[in-house]
Structure formats: structure tokens, C-alpha cells
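Below: one structure, written as C-alpha cells.
The values are calculated or read from the model by the stated rules, or taken from the named source; none is laboratory data. Source: prediction; values computed, not measured. Neighbour counts run over all protein chains shown; Cβ positions are idealised from the backbone, glycine included.
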Amino acid sequence: MTGRVPIRLDVNGRPRSIEVAAHHTLLDVLREDLGLTGTKECCLVGECGSCTVLIDGRSVDSCLVLGVEADGAAVTTVEGLAADGALSAVQQAFLDTGAAQCGFCIPGQVLSAHALLATSPHPSREEVEEGLAGNLCRCAGYEQIIEAVLLAADAGKKARPAAPRSPAPGTDVASRPDAEVAPQ
């Protein structure tokens, strides 16, 4: 099938009706057809997470989804997280912690973090590590990225007070990296 197929998407809160090549991935559709280049193209095999977007609130590698498969879905890209020009809490936390580094993996990292915080508003460090496991950073800035997600979660706690979290009994906190002692 090589023709163009009409699809409807809600992209970053805006309804879109477009015709896409049947063989194009959602990544191709976003970057080439819609001009949303915040979603990065890297490995094209679902290994790196640079192309992560949200489809109906769930994080996916857009290089593994055909554009026609997203017909009728709500798609959120990194451009859609900033409401009325104001950065989301996750985006601001990435800036505040210096997590951006080269910036190539950051849109995918930010969207994975956003999806994690939507389902687990106050994650533990281990939950953050697991939630970001599908996103690779070639600059090795993982410590700052994890700090950014925890900072965004803290911002959410301030908005909605919750009981303080302590490590579970028996948790070996001594083995955790400390960014102040050994910055990454």
C-alpha cells in the first residue's frame, strides 16, 4: 500500500485532519507532515526513546507506530506540554537541574517523565529509574534527569500536600549516587 490515507488526530489539543503516506511512521507524520520537530529521530527501532510521544496519555516510541495506527488518537508532543507559553513543571525542572545537556534525548525524557508523574505523582527514585528506562542519554546525564523528575514531583507535592516519604525499611540508600558528592 503506497497511497495516502486520510487520518484525524488531536495533536497537542488541536484537531488535525491530514493525508499521510500509508507507510510513514507517526514520527514521520509529526516531523514531516506537521512540522513538529521537537520529537527527535534517532535509532528508528525503538531502542533509544528519543522519539517518545504520548498517545492517549501513554508514552510510546513514535518510530514504531504507523501514522495510520494513530488515527483518532490524542497525541502529545513536547511542544504540547507548554500551556500558553508557560513550561510544564517537568520542563521547568529539567532546566532547573541542568538536565538538558545536549538536548537531543530531552523531549523523549520529558514526555516519559510526564507520563510517569501522571500515573505516579510521587514516585520513588527507583520508580523514576524504571519509568525512564526506555530513554537513553548519550551524554550520561542520568543523575540530573532523575533529579529533574523528582523535583517536578516535589513541585506537585507542594501543590497537593502529602505525607513525607522515607526510604522503605531495609533500603540501602548508601549505594545511591549523590550528585553533590559525585556530580555526573
Study note, to complete from the structure: Here the residues within the range 105-149 that are in contact with a Ser or Thr (Cβ under 6 Å, 6 or more places away or on another chain) and part of a loop (DSSP other than H, G, I, E, B) are 105, 132, 135
**Study point:** Residues (assigned to a strand (DSSP E or B) and aliphatic (A, V, I, L, M)) located in the range 57-69
**Key:** 60, 66
Review point. Among the residues of the range 84-103, which ones are under 16 Å from the mean Cα position of the chain (by Cα) and closer than 25 Å to residue 9 by Cα?
Key: 87, 88, 90, 91
Revision key, fill the gap. Out of (1) touching a residue at least 24 places away in the same chain (Cβ under 8 Å); (2) surrounded by fewer than 22 Cβ atoms within 10 Å (Cβ to Cβ), the one residue 111 does not meet is (2)
Point to revise | Candidate set from the range 18-52 (those that are part of a helix (DSSP H, G or I) and among the acidic types (Asp, Glu)); member that is surrounded by the most Cβ atoms within 10 Å (Cβ to Cβ) | key: 28
Review point. Is the range 91-107 home to any residue that is touching a strand residue (DSSP E or B) at 6+ places or on another chain (Cβ under 8 Å) and either surrounded by 15 or more Cβ atoms within 10 Å (Cβ to Cβ) or at pLDDT 85 or above (or both)?
Key: yes
**Study point:** Residues satisfying the stated conditions in the range 120-135, i.e. of a type in the set (A, V, I, L, M, F, W, C) and surrounded by fewer than 19 Cβ atoms within 10 Å (Cβ to Cβ)
**Key:** 133
Exercise for review: Determine whether residue 72 is of a type in the set (Gly, Ala, Ser), surrounded by fewer than 19 Cβ atoms within 10 Å (Cβ to Cβ) and either not assigned by TED's automatic domain parsing to the domain that holds residue 139 or not in a helix (DSSP H, G or I) (or both).
Suggested key: yes
Study note, to complete from the structure: Of the conditions (1) in contact (Cβ under 8 Å) with a residue 12 or more places away in the chain; (2) in contact with a helix residue (DSSP H, G or I) (Cβ under 8 Å, 6 or more places away or on another chain); (3) within 17 Å of residue 110 (Cβ to Cβ), the single one that residue 82 does not satisfy is (1)
